[in-house]
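Values quoted throughout were computed directly from the atomic coordinates according to the rules given, and no laboratory measurement underlies them. Treat the numbers as computed from the prediction; the structure is a model and nothing was measured. Virtual Cβ from ideal backbone geometry, glycine too; neighbours counted across all protein chains shown.
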Amino acid sequence: MSVLVNKDSKVIVQGFTGSEGTFHAGQMIEYGTNVVGGVTPGKGGQSHLDRPVFNTVADAVKETGADVSIIFVPPAFAADAIMEAADAGIKVIIAITEGIPVKDMVVAKEYLKGKDVTLIGPNCPGVITPEEAKVGIMPGFVFKKGRVGLVSKSGTLTYEAADQLAKAGLGISTAIGIGGDPIIGTPTKNAVQLLMEDDETDAIVMIGEIGGNYEAQAAEYIKSTGNKKPVVGFIAGQTAPPGRRMGHAGAIIGGAEDTAEAKMRIMAECGIHVVKSPADIGETMAKVLKG
Amino acid sequence: MNIHEYQAKELLKGYGVKIQEGIVANTPEEATQAAKKLNEQTGTSWYVVKAQIHAGGRGKGKIQETGSNGVVLAKSLDEVGPKAEAILGGTLVTHQTGAEGKKVNKVLIAQDVYYPGDSEPKEYYLSILLDRAKGCNVIMASTEGGMDIEAVAEETPEKIIKEWIDPRVGLQGFQSRKVAFQLGLEGQAFKEMVKFIHALYKAYEDSDASQFEINPVLKTSDNQILAVDAKVNLDDNGLFRHKDLAELRDITEEDPAEVEAGKYGLSYVKLDGNVGCMVNGAGLAMATMDIIKLSGGEPANFLDVGGTANAETVEAGFRIIMQDPNVKAILINIFGGIVRCDRVANGVVEAYKKIGNINIPIIVRLQGTNAEEAAQIINESGLAVESAILLKDAAAKVQQALA
């Protein structure tokens, strides 16, 4: 079992006919992802990329049996799209959209509570289970199949880590881009937990950045499992100044616990193999797995 | 986005939050006029002259040129002009501005609200912000008004009152009463505080704010509750639905290079180091800064060219980095996913040729989609650019360049 998405996932695309949706849906189909259709309100009944277009997610679920949705809807309407997907019974929602107002996400996240649904993102590169399903915007060829799980707040840094793992002779079970916003559906700890409990994952790479306490929570969780699987960790932003937002809406040092240094210390205390240089992720994992 | 105190107070007033009244002025003459008007409106005969910059610590901060503090009291109308003159146009240095300080273009002439009366005036602290861990807003309050709240939280955490707001129902009456009681208020002041908190929360919700900090909130000698200062931070992602608030942006408060970068859709933050960098993706950009430090340099900037980088935006990024005279080398680190490496390579080559005499080493690391085509473009350009494929090699080349 891989986590979140696999070859049996039936994927719909919300914001299917827009330029981003069209481009990435095409890439996903090319990768072999089972894209069964898409949603663009007002364009129901049309066909796009040889797949049916629906007016609502509910229609799409009813007609296709979709269980995974990827969202490319513009920021002003994205929180609404997330809630629509949850209401329609989608099990895994992956929100790529960057720039959703925090106020909207607070409401959307609250709406999802108690429902049998997992939200990944927003402002994330998506999720990939190599050779099975790519539900995201990552370059698929970088992710080789293997047994290392990957959790990251960042897009390109995830690709970097995947590439290093491949060069170190390792591959990936599932890579989860959790997103760089202040409010995200699946915090680091929850994503790590999915991989910790996955039979096809032997080890985990956890990539965080400044701001928030997600990495610290994840570190405490990892320790609580008795460090069942080895984890290699990196925190981006060791040189970031306090009080300045570093690109991602959530990447800002407010208090002392937000710093890379504080996070790296907690992670090391919890038995995570913390690397200082982002160039050492792959090789460190190879060493750790050799024992 | 940050806004000035005078703008923040106007925003709050619109929601029925009681404020220390004031009028903004650009010149000493305007300051005197403002004081006269304020006297007519409020009856105040003392005036507070407050420098308007986007940084805290103004009261203790000093104007470099004149030695005046950033917030001063004028005890007569005649004092207003000279006191405003000692602040306007000066450079205010506070513990938040850094040594270079910030130029003061406006002062707020505000009424004196610490007048004597039936009871002692008392200062409180109140803020609203997002609790990221809990995924909801939190109201924070303290009896230690006027103090640095981080110090209060550190030394006497029991003095910080927290009330979390359920997103499904919003702020409830019992919550604001709880806060007001915990602050030790009673009678008229208690009622006023409850109203104050509700009006403040409504303003916060309606304006897509990311932080409100009212420090101090004052209980006056006649039991009114007023915002004496107001720090308002708005969620940039929410500004599209608040055109009026978006117009409050004061670009003179921002680094000119950062403003220019914004025009090209680039996310740029200027830093103090000697190695510039241009990267796609915020996380990789921070990681690249870290690599620079580990290679013996200091990052000169954060620069994310984003997912739609093309020759034009890359050229703009190049020019912005080159404006910084401290930059001794530039590392371009692109992992091509959405953005194709060949497009970036074209941008680098075009920019390099347009700018002409670049006499600092440039290291270009392109990996991912169309990396081979990109390498070919760089190699066939005839430019003196070092290329790298692995992040490790790029780091080593930065080290060589600095040696």
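Some points to look at:
- Each listed q (0.17, 0.20 Å⁻¹) maps to a log10 I(q)/I(0) for segment B:255-403 from the Debye sum over equal C-alpha point scatterers, namely -0.86, -1.26.
- Annotation: aspartates and glutamates with alpha-carbon distance below 20 angstrom to residue B:102 (same-chain offsets under eight excluded): B:5, B:65, B:85, B:229, B:250, B:253, B:254, B:255, B:258, B:260, B:272, B:324.
- Segment A:99-172: trypsin sites (Lys or Arg not before Pro) falling in loop per DSSP and having at most 16 other Cβ within 10 Å: A:113, A:115
- Value of Rg to Rh for segment B:333-403, rounded to two decimals, is 0.96; Kirkwood radius and Rg both from alpha-carbon coordinates.
- Projecting the Cα atoms of A:71, A:126, A:17 onto the dipole axis of chain A, where Lys and Arg carry +1 and Asp and Glu carry -1 at the beta carbon, places A:126 farthest toward the positive end.
- Value in Å of the Kirkwood radius, where the protein assembly as shown supplies the Cα pairs that are averaged: 27.0
- Net charge dipole, segment B:303-398: roughly 200 debye, given to the nearest 20, about the Cα centre with Cβ charges of +1 for Lys and Arg and -1 for Asp and Glu.
- Near-label residues of segment B:16-47 by backbone N, under 19 Å of a point 7 Å along Cα→Cβ of residue B:76: B:29, B:31-40, B:43-47
- Computed over all pairs of different Cα atoms, the Kirkwood value for the hydrodynamic radius of segment A:9-116 is 13.6 Å.
- Between 0 and 90°, nearest 10: helix A:19-31 axis offset from chain A longest Cα axis: 70
- Projected-area mean, chain B, by convex hull of Cα positions, square nanometres: 23.1
- 12 Å beta-carbon shell around residue A:218, net charge (K/R +1, D/E -1): +2
- Distance from segment B:328-346 to segment A:9-49 (C-alpha centre basis), Å: 29
- Alpha-carbon centroid distance for the pair segment A:171-250 / segment B:132-147, whole angstrom: 26
- Extension gain, residue B:37 back to residue B:105 (0.36 nm per residue minus Cα-Cα distance, nm): 22.4 nm
- Signed unit charges on C-beta, dipole axis of segment B:348-403, positive-most listed residue B:382, B:368, B:396: B:396
- Distance from the C-alpha centroid of segment B:181-238 to that of segment B:245-290: 33 Å, rounded to the whole angstrom.
- Fraction of beta bridges assigned by DSSP in the protein assembly as shown that are antiparallel (%, nearest 5): 50
- Selected from A:149, A:57, A:271, residue furthest toward positive end of dipole (chain A; charges at beta carbon): A:271
- The equivalent ellipsoid of segment A:178-291 has semi-axes of 23, 16, 12 Å, largest first, where each one is the square root of 5 times an eigenvalue of the Cα gyration tensor.
- Here segment B:121-170 is treated with +1 on each Lys and Arg Cβ and -1 on each Asp and Glu Cβ, and its dipole about the Cα centre works out to around 320 debye.
- Cα-derived Rg to Rh of segment B:116-176, Kirkwood definition: 1.06
- Charged-residue dipole, Cβ positions (Lys, Arg, Asp, Glu), segment A:148-291 about Cα centre, Debye nearest 20: 260
- In degrees, nearest ten, helix A:260-269 long axis to first principal axis of chain A (Cα): 70
- In degrees, nearest ten, helix A:281-290 long axis to first principal axis of chain A (Cα): 70
- Efficiency of FRET from Cβ geometry, residue A:113 and residue B:380, R₀ 60 Å, rounded to 0.05: 0.60
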